Amino acid sequence: MTDAQLALDGDTDVVIRRRFSHPPEKVWRALTEPALIRQWLSPDLIDCRIDARPGGSFRYDWPEFSFSGPILEARAPHHMVHVEHFNGDTTQGPTVTTTLAADGSGTRMTVVMRYKDAAARATAIEQGFTDGIAEVYGQIEQVSFPA
């Protein structure tokens, strides 16, 4: 599995699975270092901040919208849990658990986006929050890691 696989689980979860050729340490860096995040997430980011530790937070701003939230758990390079707020709306948004496991010389990533209820998940899907996930995560394969 190199392409992202997206599945609905139960009433509230969206699960994304993908394998990367990079080891977990590099995938973790791609997920937690602003300069690397810009390479794969979007060249249009106008602000990209992350403090990837429990009690930290993240913020990604585009000209038209933003995602931000608290980091609840972080154990480099294998596990992070954060809450994802769209445009600062703290009443909505999933709790996102990312797990990175060594898989040969690469990494198997599992992301679980858990919404508060079935209606919230349905709304997120209708609004396109799961669109393009395979393409976006696929860009991590192309990240240029500085030494």
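Could you please state, rounded to a whole Å, how far the C-alpha centre of segment 1-58 is from the C-alpha centre of segment 88-147?
6 Å
Could you point to the residue in Gly56, Thr123, Pro24 farthest towards the positive end of segment 5-142's charge dipole, with +1 and -1 charges on the Cβ of Lys/Arg and Asp/Glu respectively?
Comparing the listed Cα positions along the dipole, Pro24 ranks first.
Using 5 Å bins from zero, what percent of all Cα-Cα pairs in segment 5-142 falls into each bin?
Bin by bin from 0 Å, the calculated values are 2, 10, 18, 25, 23, 15, 5, 1, 0.
Please get the size of the charge dipole for segment 3-147, origin at its Cα centre, with Cβ charges of +1 on Lys and Arg and -1 on Asp and Glu, quoted in debye to the nearest 20.
Dipole about the Cα centre, nearest 20: 540 debye.
Just to confirm the filter: which GluC sites (Glu not before Pro) across segment 58-100 are DSSP coil and have at most 13 other Cβ within 10 angstrom of their Cβ?
Qualifying residues, ordered by number: Glu64.
Read the figures in this text as sums done on the coordinates, not as results from a lab. Keep in mind that this is a model prediction, so the values were computed, not measured. Positions of Cβ are backbone-derived with ideal geometry, glycine not excepted, and every protein chain shown enters the neighbour counts.
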